1. Please work out how much accessible surface R129 shows to a 1.4 Å probe, ignoring ligands, DNA and RNA, in Å² rounded to 10.
2. Could you tell me the calculated FRET efficiency between R239 and R105, based on Cβ-Cβ distance and R0 = 35 angstrom, to the nearest 0.05?
3. Using a Cα-Cα cut-off of under 23 Å, which lysines could be cross-linked to K234, ignoring same-chain neighbours fewer than 8 residues away?
4. When only DSSP loop residues count, what GluC sites (Glu not before Pro) in segment 45-138 have their Cβ near at most 10 other Cβ atoms within 10 Å?
5. Please give the Cα centre distance for segment 69-148 versus segment 155-227, rounded to the nearest Å.
6. At most 12 other Cβ atoms within 10 Å and a DSSP loop assignment: could you name the trypsin sites (Lys or Arg not before Pro) in segment 74-124 that fit?
7. Find how much the distance from D189 to Q72 grows on full extension, using 0.36 nm per residue of separation minus their present alpha carbon separation; answer in nm with one decimal.
8. How much length is gained on full extension from A148 to A113, taking 0.36 nm per residue of separation minus their Cα-Cα distance?
Amino acid sequence: MGLRSPPFVTLRLACAQIRTYENERSFSGVIVGFAETQNLDLPGGDADRRSRILEAAERAFVRHGFHATTMQHVAAEAAMSPGNLYRYFRSKEAIVEGLCERDQRERAKAFAAFAETGDIISAMAVGLRKNLLGKPREKMQMILEIWAEAGRNPAIAEMCGSIDDNVRAGLIRLVEVAKSKGQASPELDAEFAARLMITMVVGLFKRRAHELDFDGENELALALGTFAALFEGKIQPLRAAGRGEGV
């Protein structure tokens, strides 16, 4: 039986081949990923490793399409063995669940910050600019891939529905805070306002994903103008004539 090279020797050989990795993988990411395949201990713990895997999964989903991406693709993107990947996430659905949990934590912090500000509309403008214009177009394409998968996969559909419920509840609370601070009309229906904002933002995300000539600044101005009018009570739902309530 041949002798196995000590880990530090093998690590040096791996370092010599770093140029073969794609540009978005940092030197430190390669070293960490290799160490995980060799079962070497590095600082950071499971939380940091899970975070790196989620970032790698997002890249894999964009590269291969969500439906076609396999756990092997994710493992390769994370520079770790498939067996090691399964220690942290048992399936692609579990990875999506991890992404949802991460985004929910970030969203809760953002909504809390919006509620504390003296101008909720301006704070929402900053948040929308960051998420709609500040993130790469590929991020929006990945979101569309997951939405499409929800039409085929009940587990993904359930997670997407949970996100929708969470966002709607957060926006309803935010509108009520705005009303209590005098920043929104006391007559504004918070549930209606939340649905309108969700519909508009989802549409913008979808358009940013596939329109090559998407004019982010103009579309952002459109959304914020609509939100301002909404908070002033100038936008109200029309009653469907078919329901016998008139228009």
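The values are calculated or read from the model by the stated rules, or taken from the named source; none is laboratory data. Keep in mind the model is a prediction, meaning the values are calculated, not measured. Here the Cβ positions follow ideal geometry from the backbone for every residue, glycine too, while neighbour counts run over all protein chains shown. With ligands, DNA and RNA removed, areas are computed over all heavy atoms of the protein, side chains included. Shrake-Rupley method; radii C 1.70, N 1.55, O 1.52, S 1.80 Å.
1. 110 Å²
2. 0.35
3. Straight-line reach from K234, under 23 Å: K179, K181.
4. Working: sites: E55, E58, E77, E93, E97, E101, E106, E116, E138; in loops: none.
Those that pass, being in a loop and sparsely packed, number zero.
5. Measuring centre to centre over Cα atoms gives 17 Å.
6. Numbers: sites: R87, R90, K92, R102, R105, R107, K109; in loops: R90.
Hits after loop and neighbour filter: R90.
7. My answer for the length gained is 37.4 nm.
8. 9.5 nm
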